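The values are calculated or read from the model by the stated rules, or taken from the named source; none is laboratory data. Please read all numbers here as calculations on a predicted model, not as lab measurements. Don't worry about glycine lacking a Cβ; one is built from the backbone with ideal geometry, like all the others, and counts go over all protein chains shown.
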Amino acid sequence: MLSLLKEKPLVIASHNQGKVAEIRALLAPLAINVVSAADKHVSEPDETGATFAENARLKSRHSALATGLPALSDDSGLAIPALGGAPGIYSARWAGAGKDFSVAFLRIQNELVEKQLATAPAYFVCTLSLSLPDGKDHLFEGRIDGMLTFPPRGDLGFGYDPIFIPDGYNDTFAEIDAAEKNRISHRAKAFAKFLKFIGSGEDSDHHR
């Protein structure tokens, strides 16, 4: 599988530059030629799936069909059990059209206050989908648990990182340097499965 990915560029099916940068860093040791969907002028498909896995597959398959190249997508988000798992697959939408996550932070804080909570446990989920030109898709899932904190802290991350403290740490994801975050994050855990798969040929969490 690794030899296949080295033969052609791998399209990162995302227009989120923070996410693309993290994925580039995680793939750097493999010496794979990585391009983004934006680089290839591939549009962003509507995320109509009901789960992270469905949306991840939708995005990677869209880029693979548009380019004829293998494509890797990431669908990830923050889930808060006290809010029924929200924002979940709607994590990006809670930030609004302008992707202003301070709006999402305030919404989460207000909804917790309505439940008489100052903070709450939360977890990040990441599902990676690798879509190959031959029509096969492979999924890889990762999760990290932690606690929410307000007000937001740090400016190193993106998205919900400033309000999430991973278990075992005192700092938010936005206060932890990129190398450490890339070692422990939900995305790192999903990538560990992805790297094992492309290196050994072992099966993914799901495939079809």
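I'd like to check something: does the stretch 76-89 contain any residue that is buried (at least 21 other Cβ atoms within 10 Å of the Cβ), in contact with a Ser or Thr (Cβ under 6 Å, 6 or more places away or on another chain) and not in a loop (DSSP other than H, G, I, E, B)?
Scanning the stretch 76-89, I find at least one residue that is buried (at least 21 other Cβ atoms within 10 Å of the Cβ), in contact with a Ser or Thr (Cβ under 6 Å, 6 or more places away or on another chain) and not in a loop (DSSP other than H, G, I, E, B), so the answer is yes.
Looking at the stretch 44-63 only, could you name the residues that are β-branched (V, I, T) and either modelled with pLDDT under 90 or more than 14 Å from C126 (Cβ to Cβ) (or both)?
Correct list: T48 only.
List pairs: first residue in the stretch 8-24 and farther than 19 Å from K189 by Cβ and in a helix (DSSP H, G or I), second residue charged (D, E, K, R) and at pLDDT 85 or above anywhere in the structure, Cβ distance under 7 angstrom, at least six positions apart or on different chains.
Cβ pairs passing all conditions: none.
What are the residues in the stretch 152-172 that are assigned to a loop (DSSP other than H, G, I, E, B) and under 30 Å from A64 (Cβ atoms), if any?
Within the stretch 152-172, G157, F158, G159, Y160 qualify.
Tell me which residues, restricted to the stretch 107-132, are in contact with a Pro (Cβ under 7 Å, 6 or more places away or on another chain) and over 23 Å from K19 (Cβ atoms).
If the condition is that a residue be in contact with a Pro (Cβ under 7 Å, 6 or more places away or on another chain) and over 23 Å from K19 (Cβ atoms), then P121 is the only one that fits.
So in the stretch 138-188, with the set limited to residues that are closer than 21 Å to R24 by Cβ and polar (S, T, N, Q), which one is nearest to the chain's Cα centre (by Cα)?
Filtering first and then ranking leaves S185.
Among residues belonging to the stretch 17-58 that are of a type in the set (S, T, N, Q) and buried (at least 20 other Cβ atoms within 10 Å of the Cβ), point out the one that is nearest to L69 (Cα to Cα).
S36
Cβ-Cβ below 6 Å, separation at least six or inter-chain, first residue in the stretch 136-151 and surrounded by fewer than 15 Cβ atoms within 10 Å (Cβ to Cβ) and part of a strand (DSSP E or B), second at pLDDT 95 or above and of a type outside the set (S, T, Y): which pairs?
Final answer for the pair search is D145/D167.
Somewhere in the stretch 95-106, is a residue in contact with a strand residue (DSSP E or B) (Cβ under 8 Å, 6 or more places away or on another chain), under 30 Å from I198 (Cα atoms) and modelled with pLDDT of 95 or more?
Checked against the condition, which is being in contact with a strand residue (DSSP E or B) (Cβ under 8 Å, 6 or more places away or on another chain), under 30 Å from I198 (Cα atoms) and modelled with pLDDT of 95 or more, the stretch 95-106 yields no hits at all.
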